[in-house]
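Below is one structure, written out as structure tokens, with a few remarks after it.
The values are calculated or read from the model by the stated rules, or taken from the named source; none is laboratory data. Computed from a prediction, not measured in an experiment: that's the story for all the values here. For neighbour counting, all protein chains shown are included, and Cβ atoms are generated from backbone atoms with ideal geometry for every residue, glycine included.
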Amino acid sequence: MISPEILLAFLAASALVTIAPGPDNLMVLSVGISRGRAAGIGFGLGCALGCFTHTLWATLGIGAVVLASEATFTTLKMAGAAYLVYIGLMAWRHAGKMALVQIDAGAAEPIGVHLRRGFIANVINPKVALFFIAFLPQFVDPARGAVWLQMLLLGVLFAAQTVVIFGSLGWFAGSIGTRLQRQPRLAVWLDRCAAAIFIGLALHLATAR
């Protein structure tokens, strides 16, 4: 099976990749700051769960087969971009309505709503699928056993560390957001900034090759 040295190198590389600024990080931060701690954690965990799906696709070879088609890649990225635009428009439309005053009154969205949004945003992003297909095999040694089993183990480890990092990121972002949301006017602009980030990421994804 995979040697301890390879596992340590993989975990270090995975943590650096996850911590490095990227679309998932920006989305978790924006949701946490604009909607609060529970929303940030939920969205972050949703993104992490999406990584488990990409692991399965990469392990079974489904991702490589699907993304070999330019038409499929284009369809997936446009669907992902459309979903991000939808989240952005909803954030803009309801800007300020989830301020802390209302959250304390019980108007907060369930954490499951944000978990689902994070999962969908991650799992239909073809760029994430391409990353897993390119990243995991670099740490696989065919001489040490079944390639698919090694990729599955590495993918599960990657997804597990994203649970910790994204969950922590959502918690800290939400802690900041909770304080900021005590000011209703500021809450409006926080939601609008989050909306702009989601729409900007949608345009970035839509123009990806």
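Among the conditions (1) buried (at least 24 other Cβ atoms within 10 Å of the Cβ); (2) not in a helix (DSSP H, G or I), residue 21 misses just one, which is (1). Residues in the range 40-58 that are more than 13 Å from the chain's Cα centre (by Cα) and buried (at least 24 other Cβ atoms within 10 Å of the Cβ): 1 in all.
Entry remark, the range 15-34: residues being more than 21 Å from residue 193 (Cα to Cα) and within 11 Å of the chain's Cα centre (by Cα) number 1 in total.
If you go through the range 59-74 one residue at a time, do you hit one that is at pLDDT 80 or above, closer than 24 Å to residue 12 by Cα and assigned to a helix (DSSP H, G or I)?
The first filter runs over the range 59-74 and keeps only residues at pLDDT 80 or above, leaving 59-60.
From the residues that got through so far, the ones that are closer than 24 Å to residue 12 by Cα too are 59.
Cutting the leftovers down to assigned to a helix (DSSP H, G or I) gives us 59.
Yes: one or more hits.
Cβ separations smaller than 9 Å between residues 6+ apart or across chains give the following pairs from the range 129-150 residues that are on the phi > 0 side of the Ramachandran plot to residues that are surrounded by fewer than 17 Cβ atoms within 10 Å (Cβ to Cβ) and in a loop (DSSP other than H, G, I, E, B): 145/1.
Residues that are within 12 Å of residue 165 (Cα to Cα), buried (at least 16 other Cβ atoms within 10 Å of the Cβ) and among the β-branched types (Val, Ile, Thr) within the range 1-18 comprise just one, 18.
If you check 52, 43, which single one turns out to be touching a His at 6+ places or on another chain (Cβ under 9 Å), modelled with pLDDT of 75 or more and either of a type in the set (D, E, K, R) or under 30 Å from residue 150 (Cα atoms) (or both)? Spell out how you get there, then give the answer.
Details: 52 fails: touching a His at 6+ places or on another chain (Cβ under 9 Å).
Matching residue, one of 52, 43: 43.
In the range 74-103, the residues that are among the β-branched types (Val, Ile, Thr) reach residues that are assigned to a helix (DSSP H, G or I) and at pLDDT 65 or above with C-beta atoms within less than 7 angstrom, at least six apart or across chains, in these pairs: 85/199; 85/202; 87/117; 87/198.
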